[in-house]
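Everything below concerns the one structure shown next.
The values are calculated or read from the model by the stated rules, or taken from the named source; none is laboratory data. The model shown is predicted, which means the values in this text are computed figures rather than measured ones. No Cβ is skipped: glycine too gets one built from the backbone with ideal geometry, and neighbour counts run over all protein chains shown.
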Amino acid sequence: MDVLEAIQTRKSVRAFTPAPVPVETISKLLEIAQRAPSGTNTQPWHVYVCTGEVKRAITADVLDMARAGAGKGYEDFDYYPAIWKEVHNSRRREVGWSLYNLVGVEKGDREGSARQAMRNFLFFDAPVGIFVTVDSYLRLGSWSDTGMYIQTIMLAAKGLGLDTCPQAAWIPYQEPVRHHLGIPEDQSLVTGMSLGFADPDKIENTLVSEREAVENVVHYCGFE
């Protein structure tokens, strides 16, 4: 698979098979991803990979937090705004309801919505969980670098026959993640990610999110 095909075919997978991913494959994936660019080669990211009992412990503790309503808000971590502009909120709603419609959750079905949201904390049944952090003293440029690293992981995974789902859902419930993975307090959690093999029989994996028309986001200057 060439890089253009990987970019065009990568998507967030929300149902995985239980097939294990060999640690040798994960190591190869992360060796490739380490070639991601960063400003002045600072390489500001850290990556924590879990499976087995550690992953199950994270899941159990986060589910307990979620059921107890003990999560924080994204804005508490300066991650997402408390109020979105309509252009961005409409895109969020569209992809959310596209997924819910596929899995049979109707508007007003709070129990169904919550059940689907909880799937995040099961890593969508993927065998491997990945968490990426950045040193907390760093600023926007290093978060941008870390985003490029995360994208490189996802594209490299696609090239190795694997699938991924980046998950901001862990941000409000990150205390158990930090505890079980030994993440230091001087690192900020950027994202979680599920890694494994997509289940081709699950309807949620037919979702391909829409993209804005290029002419609405690209600004050409100085061209004849």
Report, ordered by the first and then the second residue, all pairs with beta carbons closer than 9 Å, sequence separation of six or more or different chains, a first member in region 130-152 that is farther than 22 Å from LEU29 by Cβ, and a second member that is assigned to a helix (DSSP H, G or I) and among the charged types (D, E, K, R). LEU138/ASP145
Which residue pairs have Cβ atoms closer than 6 Å, lie 6 or more positions apart in sequence or on different chains, and pair a first residue in region 195-224 that is on the phi < 0 side of the Ramachandran plot with a second residue that is basic (Lys, Arg) and assigned to a loop (DSSP other than H, G, I, E, B)? GLU204/ARG14; VAL208/LYS11
Which of the residues that make up region 192-209 are surrounded by fewer than 19 Cβ atoms within 10 Å (Cβ to Cβ) and under 19 Å from LEU30 (Cβ atoms)? PHE197
Among the numbered criteria (1) touching a residue at least 60 places away in the same chain (Cβ under 8 Å); (2) within 25 Å of VAL208 (Cβ to Cβ); (3) surrounded by fewer than 13 Cβ atoms within 10 Å (Cβ to Cβ); (4) of a type in the set (D, E, K, R), which single criterion is violated by ASP76? (2)
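Of everything in region 24-38 that's among the small types (Gly, Ala, Ser) and surrounded by 13 or more Cβ atoms within 10 Å (Cβ to Cβ), which residue is nearest to GLY159 (Cα to Cα)? Steps first, please.
So the first thing to find is which residues in region 24-38 are among the small types (Gly, Ala, Ser), and the list is 27, 33, 36, 38.
From the residues that got through so far, the ones that are surrounded by 13 or more Cβ atoms within 10 Å (Cβ to Cβ) too are 33, 36, 38.
Working: ALA33: 11, ALA36: 15, SER38: 22 Å.
It comes out as ALA33.
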Can you name every residue in region 122-158 that is surrounded by fewer than 18 Cβ atoms within 10 Å (Cβ to Cβ) and in a strand (DSSP E or B)? ASP135
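Among the residues of region 184-203, write down those that are within 25 Å of TYR80 (Cα to Cα) and out of contact with any strand residue (DSSP E or B) (no Cβ under 6 Å at 6 or more places or on another chain). So that I can check it myself, show each step before the final result.
Here is the first cut: in region 184-203, the ones within 25 Å of TYR80 (Cα to Cα) are 184-195.
Once the filter is applied, which keeps residues that are within 25 Å of TYR80 (Cα to Cα) and out of contact with any strand residue (DSSP E or B) (no Cβ under 6 Å at 6 or more places or on another chain), region 184-203 yields PRO184, GLU185, ASP186.
Given the criterion touching an Asp or Glu at 6+ places or on another chain (Cβ under 7 Å) and either part of a helix (DSSP H, G or I) or surrounded by fewer than 20 Cβ atoms within 10 Å (Cβ to Cβ) (or both), identify the matching residue among PRO176, PRO184. If you could, list the steps in order and put the result at the bottom.
On the way: PRO184 fails: touching an Asp or Glu at 6+ places or on another chain (Cβ under 7 Å).
Only one candidate passes the filter, namely PRO176.
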Quickly run through region 106-137 and pick out the residues that are under 18 Å from ALA169 (Cβ atoms), hydroxyl-bearing (Ser, Thr, Tyr) and either at pLDDT below 95 or out of contact with any Phe, Trp or Tyr (no Cβ under 9 Å at 6 or more places or on another chain) (or both). SER113
Looking only at region 159-200, filter to residues that are acidic (Asp, Glu) and farther than 19 Å from HIS46 by Cα; which one of those is nearest to the chain's Cα centre (by Cα)? ASP163
Unique residue being exposed (fewer than 13 other Cβ atoms within 10 Å of the Cβ), part of a helix (DSSP H, G or I) and among the polar types (S, T, N, Q) when the list is SER90, SER98, SER113: SER90
For residues that are surrounded by fewer than 18 Cβ atoms within 10 Å (Cβ to Cβ) and within 19 Å of PHE16 (Cβ to Cβ), scanning just region 60-71, find the one that is nearest to the chain's Cα centre (by Cα). LEU63
Region 89-101 residues that are modelled with pLDDT of 95 or more, paired with ones that are surrounded by 14 or more Cβ atoms within 10 Å (Cβ to Cβ) and assigned to a helix (DSSP H, G or I) (beta carbon under 6 Å, 6 or more apart): none
